[in-house]
Amino acid sequence: MKYGYFDDPNREYVITRPDTPLPWINYLGCQAYFGIISNTAGGYSFYRDARLRRLTRYRYNNAPFDFGGRYIYLRDDASGEFWSPSWQPTRRNLQNYVCRHGMGYTVISSEYGGIEASTRYLVPLDENLEIWQLTVTNRRQRAADLSVFSSIEFCLWDAQDDATNFQRNFSIGEVEIENGVIYHKTEYRERRDHYSFFACSEKITGFDTQRDSFLGPYRGWDNPLAVEQGRSGNSVAHGWAPIGSHQVKLSLQPAESRQVVFVLGYHENSRERKFDPPNSQVLNKKGAKFALARYLVPANADAAFEKLRSHWNELLGICQVETPDVHTNRMVNIWNAYQCMATFNMSRSASFYESGIGRGLGFRDSNQDLLGFVHMVPGRARERILDLAATQLPSGGAYHQYQPLTKRGNNDVGSGFNDDPHWLIVGVAAYLKETGDWSILDETVPYDNQAGTETPLHEHLQRSFRYTLDHLGPHGLPLIGRADWNDCLNLNCFSDSPGQSFQTTTNKDGKVAESVFIAALFVLAGRELAEIAEQRGLQAEASSYLSEVKKMETTISRHGWDGEWFLRAFDDFGRKIGSKENAEGRIFIETQGFCTLAGIGLDDGSARAALDSTRKMLATQHGIILQQPAYSKYYLELGEISSYPPGYKENAGIFCHNNPWVMIGETRVGNGDAAYDYYTRINPSAREQISEVHRCEPYVYAQMIAGRDAPTHGEA
Ligand code: BGC
Ligand code: NOJ
């Protein structure tokens, strides 16, 4: 069953009913100002950092799902009837509901009682603001008197604090209202030099900035008192929950159309020019006024849209393929590239499943992401590489996360994941192959952002490689540390108390548990590094990498091979994981994929055998499972992986991320058809027909699809 269709020429996914199995979201913004927006206008906005600079509120995991958004209400002032043209939050029975998620914009349209409304949401390039361009058309035979209400709820900037620290937050909210523009300036009196603003192109008949006044006591966003009564309260927020809402009256003749433009934006002032006049407490609003003068004009909003479209045409035009398969073409030419860019900008930091609060950007993830977008934005890839390298530790190790606003590494999700350093090598290699910009290797970059520690980037890569050689275990395989790619294989954690985080709980300084996966990654990264050294004329360096790589390959075939597939790891007691000797977790996908991808076992047939075992034991119609048999209980010595019920997440779920490793492995043994077959199983476009099973968006790769052991097998 489908809930919409792909419009490939326009590069849009068109959703034709609002009650999708889950909110189907899109991303707005691609530089510094970002938002997520669902097919019913839910979502929120932030400047650079979803935790530290959040503009609007969103309620994750709410009932109903997806609450808090860019909501517009229309009210028939003759009958008093009101509705939201984006369906939420009023959820009336709309006609002709359509949501078009495009490249960096979303258009939601519908009709109710003969009134057609369409809103285009977008963030113009090079601006820290978003535009909601509403067109209302009267399809009735008679004139219509309408009220339009806008609404957003301001977040008091730090989303974590906003969601927890009510004893303070209920007392600090501040706004200013001038000429119908609502300025949110909580904490501006003290250390913040930024504010947000919310404005409307039309003359307003009223506004609200205090949530209680707009909604009325004990009411929700589905039934605001101001909308019901058709009259804004002109409330000025002092503390509690500042919001932004405008009321505009429209009288439309039959067939008449009118546009109303709303702009929500962010501005930073210099500390010296914070206030105007200087020794007052009044916000200096010049920045906002400048932006509003431009973007509240519909023609300029149209121009911003056209500019955004050509931007994406250019980006996507860089790599286009033509294959006999529509799903492949569509994903490669449009949605895969688009998702890579969203991921580059913010994913794993903010999405429908990442609240933007819990973690920054992953070190490993961000390096991996480079491979997907480097060809589109090489300049920004370069900057990202240098930022990431600057968080690297002097030992060559890495923080697992870094905060995009401060560009500092953080320990919120722990550190000591021993695969992390190698992804920097892989990312830089991808950058070099794409751009030929060898100068990046001579850029000097600090460690742990400490001034005075700078070395050329090339040395960062050397230290990444060295890190593994400094951390070898009893079999000569890399020690796993806190975990490797599989964050949940926590072999040194031994967590026995509820509430402890598997990612941050004090870990054993394990000297036994080893990872065959890191060994394979070491082989891949070592070869890349050797090639880099060779290209730079550093023959001796290149051969020393290659001899370490050779040694590791021998170690893998001696200690990492289980007879029919590659082992996964050794635990803290030196026992095998991912072996036929195990009752549960006998075979893992990661090593079958990564060893074969890295070319290990191509000569002696073990690569082929590992891939055959994968097909036999792990492949399902919905993708390749992470491991089998699933862990049926919690194992203290394995950690989080066994904390999940069978079939979910790392405990035998289908991780879309590692499936392509097997696909690449299949191509390395010359079996392209198998690679394509596997690809089609997880290709979201090919799964569109089973949207009621898959449930997630048909235009994005999910992190995980429930595995065979889950009652919900196939659900993403
Ligand atoms: C998830 C992993 C994730 C880790 C770190 C775990 O709960 O299952 O996929 O990488 O948390 O946030
Ligand atoms: C999600 C994390 O972002 C990624 O880094 C990790 O490899 C996977 N989970 C698997 O645990």
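Would you list the membrane-span-like helices of the chain, meaning whole DSSP H runs whose alpha-carbon atoms span at least 20 Å along their axis and whose mean Kyte-Doolittle value is at least 1.6? Numbers along the way, then the final one.
On the way: long enough: 298-317 (28 Å, -0.57); 420-435 (23 Å, 0.32); 516-535 (29 Å, 1.23); 539-559 (30 Å, -0.83).
Result, helices passing both filters: zero.
Excluding residue 327 itself, calculate the net charge of residues whose Cβ lies under 12 Å from the Cβ of residue 327, where each Lys or Arg counts +1 and each Asp or Glu counts -1.
Values: positive: 330, 681, 687; negative: 8, 325, 688.
Summing Lys/Arg as +1 and Asp/Glu as -1 gives 0.
As I understand it, the dipole of the stretch 291-343 uses +1 on the Cβ of Lys and Arg and -1 on the Cβ of Asp and Glu, about the Cα centre. Which of 298, 320, 337 lies farthest toward its positive end?
So the residue we want is 298.
List the residues whose amide H sits under 5 Å from the amide H of residue 97, counting only those 5 or more places along or on another chain, with H placed 1.01 Å from N in the peptide plane.
Under 5 Å from the amide H of residue 97 lie the amide H atoms of 111, each far enough along the sequence or on another chain.
Which of the peptides 516-522, 114-120, 309-315, 251-257 is most tightly packed, and how do the rest follow, going by the mean number of other Cβ atoms within 10 Å of each residue? Please list the in-between numbers first.
Values: 516-522: 30.3, 114-120: 19.9, 309-315: 14.7, 251-257: 13.0.
Result, highest mean first: 516-522, 114-120, 309-315, 251-257.
Where does the chain land at 222 nm, in deg cm²/dmol rounded to the nearest 500, when only DSSP H runs of n ≥ 4 count, each adding -39500 (n - 2.57), divided by all residues?
Numbers: 19 runs with 203 residues, N = 716.
Roughly -8500 deg cm²/dmol at 222 nm, from the helical runs in the chain.
Have a look at 462, 438, 392 and report the one farthest towards the positive end of the charge dipole of the stretch 346-470, computed about the Cα centre with Cβ charges (Lys/Arg +1, Asp/Glu -1).
392
Along the charge dipole of the chain, Cβ charges K/R +1 and D/E -1, which of 582, 356, 522 sits furthest on the positive end?
Working it through, the farthest residue towards the positive pole turns out to be 356.
Taking the highest mean first, how do the peptides 595-601, 489-495 order by number of other beta carbon atoms within 10 angstrom per residue? All intermediate terms of the calculation are to be shown ahead of the outcome.
Numbers: 595-601: 26.1, 489-495: 24.1.
By packing density, highest mean first, the sequence is 595-601, 489-495.
How much of the accessible area of the chain, probe 1.4 Å, is carbon plus sulfur, in whole percent? Working shown, then result.
On the way: 13080 of 26460 Å².
The nonpolar share, carbon plus sulfur, comes to 49 percent.
From Cα coordinates alone, what are the radius of gyration and Dmax values for the stretch 346-470 in angstrom?
Just the Cα atoms of the stretch 346-470 yield Rg and Dmax of 13.6, 40 Å.
If packing is taken as the average count of other Cβ atoms within 10 Å, what order do 637-645, 576-584 fall into, highest mean first? Don't jump to the answer; show the numbers that get you there.
Details: 637-645: 20.9, 576-584: 17.6.
Ranked by mean Cβ neighbours within 10 Å, highest first: 637-645, 576-584.
Contact order normalised by length for the stretch 346-470, with contacts defined as Cα pairs under 8 Å and 6 or more residues apart; what percent is it?
Working: 204 pairs, mean separation 33.3, N = 125.
Here the relative contact order equals 27 percent.
Given a cut-off of under 8 Å on Cα pairs at least six residues apart, what relative contact order in percent is computed for the chain?
It comes to 9 percent, rounded to a whole number.
How fast does the stretch 67-130 diffuse by Stokes-Einstein, in µm²/s, taking the Kirkwood radius from C-alpha pairs at 37 °C and 0.692 mPa s?
Taking Rh from Cα pairs, D becomes 256 µm²/s.
Determine the per residue accessible area of the chain with all protein chains present and a 1.4 angstrom probe, expressed in square angstrom.
Numbers: 26460 Å² over 716 residues.
Value for the chain: 37 Å² per residue.
Compute the relative contact order of the stretch 55-132 as a whole-number percentage, counting only Cα pairs closer than 8 Å that sit 6 or more residues apart in sequence.
Values: 115 pairs, mean separation 12.3, N = 78.
Dividing the mean separation by the residue count of the stretch 55-132 yields 16 percent.
For the stretch 485-626, what are Rg and Dmax over the alpha carbons, in angstrom?
Expressed in Å, the Cα Rg and Dmax of the stretch 485-626 come to 17.0, 54.
Debye calculation, C-alpha points only, no solvent: report log10 I(q)/I(0) for the chain at q = 0.05, 0.06, 0.10 Å⁻¹, in the same order as the q values.
-0.27, -0.38, -1.01
Using only the Cα atoms of the stretch 548-591, what do you get for the radius of gyration and for Dmax, in Å?
So, for the stretch 548-591, Rg and Dmax equal 10.6, 34 Å respectively.
List, in order, the whole-Hz ³J(HN,Hα) value for each residue of the stretch 90-95 obtained from phi through the Karplus relation with A = 6.51, B = -1.76, C = 1.60 and θ = phi - 60°; use x for Gly and Pro.
With coefficients 6.51, -1.76 and 1.60, one gets 7, 6, 7, 7, 7, 9 Hz.
Can you give the charge dipole size of the stretch 346-470 about its Cα centre, rounded to the nearest 20 debye, using +1 on the beta carbon of Lys and Arg and -1 on the beta carbon of Asp and Glu? Don't skip to the answer; put the middle values down first.
On the way: 11 positive and 16 negative charges, 39 e Å.
In total the dipole reaches around 180 debye.
The values are calculated or read from the model by the stated rules, or taken from the named source; none is laboratory data. None of the values given here were measured: they were computed from a predicted structure. Neighbour counts run over all protein chains shown; Cβ positions are idealised from the backbone, glycine included. Note: accessible area is taken over every heavy atom of the protein model, side chains too, but ligands, DNA and RNA are not part of it. Shrake-Rupley method; radii C 1.70, N 1.55, O 1.52, S 1.80 Å.
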